[in-house]
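Down below is the structure, laid out as C-alpha cells.
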Amino acid sequence: MADVQLKSVSKVYGRNAVVNDISLDVEHGELLTLVGPSGCGKTTTLRIVAGFVKPTHGAVYIQGKDVTEIPPHRRDTGMVFQQYALFPHMTVQKNVEFGLAMRKVGARERNTRVGEALELVGLAHLKDRYPRQLSGGQQQRVALARVLVIRPKVLLFDEPLSNLDAKLRLEMRLEIRRLQQEVGITSIFVTHDQEEAITISDKIAVMNFGRIEQTGTPMEIFSRPATPFVADFVGTSNFLEGKLAAMEGDCAIFESAGGLRVRLGPSPGLAAGDNLVIAVRPEKIILAEPAALPGTENVFEGEVAETTWMGPLTQYLILLKPGNEKLVVKQQNLDTSRIFRKGEKVSVRWLPENCLRFKK
Amino acid sequence: MNAVSKPAPARPEPRPALPWRRLGEGLSQVLQNLLIALIYAFLLAPIIVVVIVSFSESAYLVFPPKALSLRWYVAFFSDSDFVRALKNSLMVGATTALISSTLGILASIGLVKYKFRFRDLLNSLFLSPLTFPAIVLGIAMVVFYAKVKLSGTFWSLVCAHVVLTVPYVIRTVSASLYGFDNVLLEAAANLGASPFTAFRRVMLPLIKAGVIAGAIFAFIISFDELVVTLFIAGPRMTTLPIKIFNYIEYTSDPTVAAISSILIVIMLLIGVFLPRNFVAA
C-alpha cells in the first residue's frame with residue numbers, strides 16, 4: 001500500500017484548474033519529485049498533501065487513511081519551506097523543539113531528540129543562536145532538523161534549495177537525499193529544476209498545466225519521455241516535425257518538413273504516413289568537419305550559426321541543409337575537440353536509437 | 001590593450017567652502033538649536049510649573065511657591081471621592097485596554113491578512129471614531145445607552161472608551177502585522193499547532209510591539225478622556241478627569257496640581273519604561 005496517495009485530485013480557482021485530476025502513489029520510504037515549470041500546479045499539489053489547500057475534487061490518503069478533511073495540524077506531515085519559515089523569535093533549539101512541544105513530548109526526551117536532530121544536520125553547536133544569526137544554508141538545515149525531529153509520516157519539500165547559491169544548492173541536495181535515506185521517511189519534493197529532480201529522486205512526476213505528463217524513475221523519464229514536453233523539460237531536446245516516409249524492416253525512415261531523411265531505431269506500432277515529431281538530445285549529436293564522418297546513416301551537412309563556449313562544453317546552433325532546420329548541439333570540450341566558428345561548414349550525426357519518437 | 005574608448009564624464013569639483021559660508025552654517029546651527037530649545041521649553045514649562053506648584057504650601061495656585069509641603073498630596077489621598085474616581089479611571093482604563101487590544105488584534109488580522117470585498121470600506125469604518133468630533137460621539141452614545149439601559153455604569157464607560165480606542169490599536173497592530181509572514185503560521189500548523197496555539201506561540205510574540213503600543217494608547221486615552229465621558233458617566237460612576245473638571249469649577253487649591261503630577265508620573269512610567277522593556281524586543 002502506498003504511503004501517500006492522491007486520487008483524482010483537482011483544485012479549481014474560478015474557472016482555472018490549477019491542479020487537474022491528479023492521481024499519484026508514493027511508496028513507503030520513497031522520494032518522489034514533482035517537477036515542472038512555474039505555474040504547473042506542483043506547489044499547490046504539495047500544499048494539498050500538507051492540508052493548506054483543500055482540493056475541489058478528489059481525496060488524499062496518508063498511510064491508508066483519508067485525510068482530505070483533516071486540518072494541517074493533525075496530518076503529521078513535515079514541510080520544509082522555500083523561505084525556511086523558521087520562527088524568528090525562537091532559538092534554533094526552540095525552533096526544533098516546537099513540533100515536539102506540540103506533541104506533548106516530555107522535557108527530557110525532547111532535549112535528547114532535538115540534540116540528535118541537530119547532530120544529524122551538523123548544527124548542534126549553534127543551538128542557542130537565533131535564525132537571523134545563521135546563513136541561508138544553516139537556516140535550511142535547521143528547518144530540516146525541525147521536521148525530522150517529529151518523525152512525520154511524510155516529508156514535504158517546497159523548493160527548499162531555490163534560495164541558496166549554486167554551490168550550496170548542490171551540497172544541500174546531496175545532504176537532503178542522504179538524510180532522507182537515513183531516516184527512510186516517505187518524501188515529496190517540489191522543484192522547477194529538472195537536474196535537481198533527476199539527481200535526488202526515486203521517482204519523478206513531470207507536471208504541466210495542472211496535469212501529470214509522466215511518472216517514472218529518473219532514468220525512464222530521461223531516456224523514454226512520454227511526451228515532447230517531457231523530452232524538452234527534462235534535459236533539452238531538438239525537435240523535428242515530419243512524416244514517417246517508409247519502413248525498412250522494423251526500422252522507420254522519417255522525413256522532416258525540411259527534407260531530412262532520418263533513420264529511426266526499431267519502431268513497432270508505426271506505419272508509413274504517420275505524422276511524427278522526433279526529438280534528439282543535443283549531447284547525443286556528433287559534430288565534425290564536413291565529410292569527415294564515416295558511414296552515411298543519419299549524417300547531415302550544415303552550417304554553424306552560433307557558437308557559445310560554456311566552459312566544460314560548447315553549444316552550437318547548426319542550420320541543417322537542405323531546409324535550414326535548427327539543431328542545438330553540445331560538445332564536450334576535450335583536448336582533441338576543435339571549436340567551430342560561426343559560418344563554418346560542419347557535418348553532424350546521431351544514432352538511430354537516439355531518436356525519440358512522438359506520434360502527433 | 002585598447003585605449004580608453006570613452007573619457008569618463010568629468011565630475012564637477014566640489015567648490016571650496018568660503019569662510020563666510022562656514023560662519024553662516026555655524027550660526028544657523030546655533031539658531032536652530034536655540035529654536036528647538038525654545039519649543040521644548042514652551043511645551044514643557046506648564047508641566048514643570050504644575051509639578052512645582054503641587055508642592056506648594058499655599059492654598060492658592062501661586063508660582064513660584066513660597067514654601068514647600070506635601071499637604072495637597074495628602075489632601076488628594078484623604079478625599080475619598082478623588083480616590084474612588086482614580087480607582088474608577090484605572091479600572092475603566094485597564095478594562096478598556098484589554099478589550100480594545102483583543103478586538104483590535106482580531107480586526108487587524110482580518111483587515112491585513114485576508115482579502116475580501118469591502119475590506120477598504122470596513123477599514124475606514126473601524127478607524128472612523130478617530131475622525132468624529134468627540135462631542136458628536138458623546139451625544140450619540142448618551143442617546144443610545146439610554147435606549148439600551150446602560151447609562152452611567154462601569155460597562156457603559158468601557159464600551160464608549162473601547163469605541164474611541166480601538167482605532168489606535170488597529171493602527172499599531174496592523175503596522176506590526178504587515179511585517180508578519182503568514183508562512184510562519186503554516187509552519188506552526190504543519191508542526192502540529194492548532195490555529196489558536198499558532199497564534200499564541202508564533203504570531204502574538206512577533207506582533208507584540210504593536211499590541212503593547214496599542215494597549216498603552218488605549219489605556220492612556222481612556223484614562224484622560226473627558227468629553228464623551230462627561231455625557232455618559234453617571235453620578236455613581238465618576239472618573240478622575242470628570243472629578244477634576246468638577247473640582248476646579250469651585251475650588252482652585254493645588255490639589256489638582258498634585259493629581260496632575262501623579263498622572264504625569266504614571267504616564268511617564270508607562271510611556272518610557274514599558275516600550276523600552278517590551279517593545280524593543
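The values are calculated or read from the model by the stated rules, or taken from the named source; none is laboratory data. Fair warning: this is a prediction, and the values are worked out from it, not measured in the lab. Every residue, glycine among them, receives a Cβ derived from its backbone with ideal geometry; neighbour counts consider all protein chains shown. Ligands, DNA and RNA are excluded from the accessible area calculation, which covers all protein heavy atoms including side chains. Shrake-Rupley method; radii C 1.70, N 1.55, O 1.52, S 1.80 Å.
Data overview
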read-out	value
Search result, residues across region A:96-147 that are over 24 Å from A:Thr77 (Cβ atoms) and either crowded, with 20+ Cβ neighbours inside 10 Å or within 14 Å of chain B (Cβ to nearest Cβ) (or both)	A:Tyr130, A:Arg132
Search result, residues across region A:197-207 that are touching a helix residue (DSSP H, G or I) at 6+ places or on another chain (Cβ under 6 Å), open to solvent by 10 Å² or more (accessible area, probe 1.4 Å) and not in a loop (DSSP other than H, G, I, E, B)	A:Ile198
Test for A:Val92: is it over 27 Å from the mean Cα position of the chain (by Cα), touching a residue at least 40 places away in the same chain (Cβ under 8 Å) and over 17 Å from B:Ala193 (Cβ atoms)	yes
Matching residues in region A:59-91 - criterion: being outside any loop (DSSP other than H, G, I, E, B), surrounded by fewer than 15 Cβ atoms within 10 Å (Cβ to Cβ) and at the interface with chain B (Cβ under 9 Å from one of its Cβ atoms)	A:Arg74
Region B:169-187, residues that are closer than 30 Å to B:Thr238 by Cα and either crowded, with 23+ Cβ neighbours inside 10 Å or within 14 Å of chain A (Cβ to nearest Cβ) (or both)	B:Val169, B:Ile170, B:Thr172
In region A:226-242, residue nearest to A:Asp274 (Cα to Cα) [restricted to those that are touching a strand residue (DSSP E or B) at 6+ places or on another chain (Cβ under 6 Å) and not hydrophobic (A, V, I, L, M, F, W, C)]	A:Gly242
Complete set of residues in region A:175-196 that are over 19 Å from A:Ser38 (Cβ atoms) and either assigned to a helix (DSSP H, G or I) or basic (Lys, Arg) (or both)	A:Glu175, A:Ile176, A:Arg177, A:Arg178, A:Leu179, A:Gln180, A:Gln181, A:Glu182, A:Val183
Filtered residues of region A:169-196 (kept if surrounded by fewer than 17 Cβ atoms within 10 Å (Cβ to Cβ) and of a type in the set (A, V, I, L, M))	A:Leu170, A:Leu174, A:Val183
Subset of region B:36-50 (residues that are among the β-branched types (Val, Ile, Thr) and open to solvent by 70 Å² or more (accessible area, probe 1.4 Å))	B:Ile36, B:Ile39, B:Ile47, B:Ile48
Hey, B:Leu206 surrounded by fewer than 22 Cβ atoms within 10 Å (Cβ to Cβ) and either within 14 Å of chain A (Cβ to nearest Cβ) or modelled with pLDDT of 90 or more (or both) or not	yes
Considering residues of region B:188-203 that are free of Cβ contacts under 8 Å to residues at least 12 places away in the same chain and of a type outside the set (S, T, N, Q) only, the residue farthest from the other protein chains (Cβ to nearest Cβ)	B:Arg200
Condition met for A:Lys326 (closer than 23 Å to A:Val230 by Cβ, surrounded by 17 or more Cβ atoms within 10 Å (Cβ to Cβ) and at pLDDT 85 or above)	no
